[in-house]
Amino acid sequence: MKVILKSDITCPACGHSKTEMMPIDVPRKHYTCEKCGEMLVVPEEACCVYCTYGSVECPQSQVVRPCMEKRH
């Protein structure tokens, strides 16, 4: 299985999208939109901003298990 390390994070407030490299060791819980300054915070049931706002789930979710948010 090939792990994808880039994800397009889309801001729900303004729709701005940016491609980001995902860390492979630590889930990212916050992300600030560079266009509008909105702070994206991860809901309790999700592991990180990539699984919540990204086009690709984080590396941990790709390898180990699907993110909790995606199961609902």
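Across the chain, the mean sequence separation of Cα contacts (distance under 8 Å, 6 or more residues apart), normalised by length, yields a relative contact order of 32 percent.
In a DSSP loop and with at most 11 other Cβ atoms within 10 Å, the trypsin sites (Lys or Arg not before Pro) in segment 1-51 are Lys2. Applying a DSSP loop filter and a limit of 13 other Cβ atoms within 10 Å to the GluC sites (Glu not before Pro) in segment 1-70 leaves Glu34, Glu44, Glu45. Here the scattering of the chain is modelled by Debye summation over its C-alpha atoms, one equal scatterer each and no solvent; at q = 0.12, 0.15, 0.22 Å⁻¹ the log10 of I(q)/I(0) is -0.28, -0.44, -0.92. Ignoring ligands and nucleic acids, what accessible area does Val64 show with a 1.4 Å probe (Å², nearest 10)? The accessible area of Val64 comes to roughly 110 Å².
Relative to the current alpha-carbon distance between Thr19 and Met1, full extension at 0.36 nm per residue lengthens the span by 4.3 nm.
Placing +1 at every Lys and Arg Cβ and -1 at every Asp and Glu Cβ, with all other atoms neutral, what dipole size does the chain have around its Cα centre, in debye to the nearest 20?
Here the chain has a charge dipole of around 200 debye.
The values are calculated or read from the model by the stated rules, or taken from the named source; none is laboratory data. What you are looking at is a predicted structure, and each value in this text was computed from that prediction instead of being measured. Here the Cβ is made from the backbone with ideal geometry for all residues, glycine too, and neighbour counts use every protein chain on show. For the accessible areas, the whole protein counts, side chains as well, though only heavy atoms, and no ligand, DNA or RNA atoms are used. Shrake-Rupley method; radii C 1.70, N 1.55, O 1.52, S 1.80 Å.
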